[in-house]
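Some notes on the structure that comes next.
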Amino acid sequence: MKILIINGPNLNLLGTREPDTYGKESFDRYLDILQKKFSSTQIDYFQSNIEGELINKIHEYGFGDFGIILNAGGYTHTSVALADAVSAVEAPVIEVHISNVFKRENFRHHSFLSPVCKGVICGFGLDSYRLAIEALLNQ
């Protein structure tokens, strides 16, 4: 299996944005760690602040040999269109959040994505991505 990690809006600022919530490590640095740890697995990465680009990437990778890890950021709580995109593809999709969204503001407690994803991992910092990779590889 190949894996695509998709990060949504504002996740390009990891390492500098709200470090008490999201940590001080950049995603690029963490991605290097993941790629070394899972060296026999192809891990592709895409980040965009634009909803339509995220949907296009799900469509592009969702019908091949890929599993998808999706951290849609704020779109998790607002985007029916992203949920429809996940529903439309064959690839297993795991929803990931760095923070425990259930310890945060009430509006973050609802996800349009959770009902259409294979599973949800949240609250383990960047390690949530490693856990999602392991889940996809062990299915």
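The values are calculated or read from the model by the stated rules, or taken from the named source; none is laboratory data. Computed from a prediction, not measured in an experiment: that's the story for all the values here. Cβ placement follows ideal geometry from the backbone for every residue including glycine, while neighbour counts extend to all protein chains displayed. For the accessible areas, the whole protein counts, side chains as well, though only heavy atoms, and no ligand, DNA or RNA atoms are used. Shrake-Rupley method; radii C 1.70, N 1.55, O 1.52, S 1.80 Å.
Recomputing Rg and Dmax of the Cα atoms in Å from the coordinates shown identifies the correct label among [x] 13.7, 40; [y] 17.6, 54; [z] 29.1, 104 as [x].
About the centre of its Cα atoms, the range 47-98 shows a dipole size close to 100 debye [charges on the beta carbon of Lys, Arg (+1) and Asp, Glu (-1) only; nearest 20 debye]. Using Cβ point charges alone (K and R +1, D and E -1), the dipole size of the chain about the Cα centre works out to roughly 340 debye. Computed over protein heavy atoms with a 1.4 Å probe, the carbon and sulfur contribution to the accessible area of the chain reaches 49%. In summary, the lysines within cross-link reach of Lys37, defined as a Cα separation below 21 angstrom excluding same-chain residues under 8 places away, comprise Lys2, Lys24.
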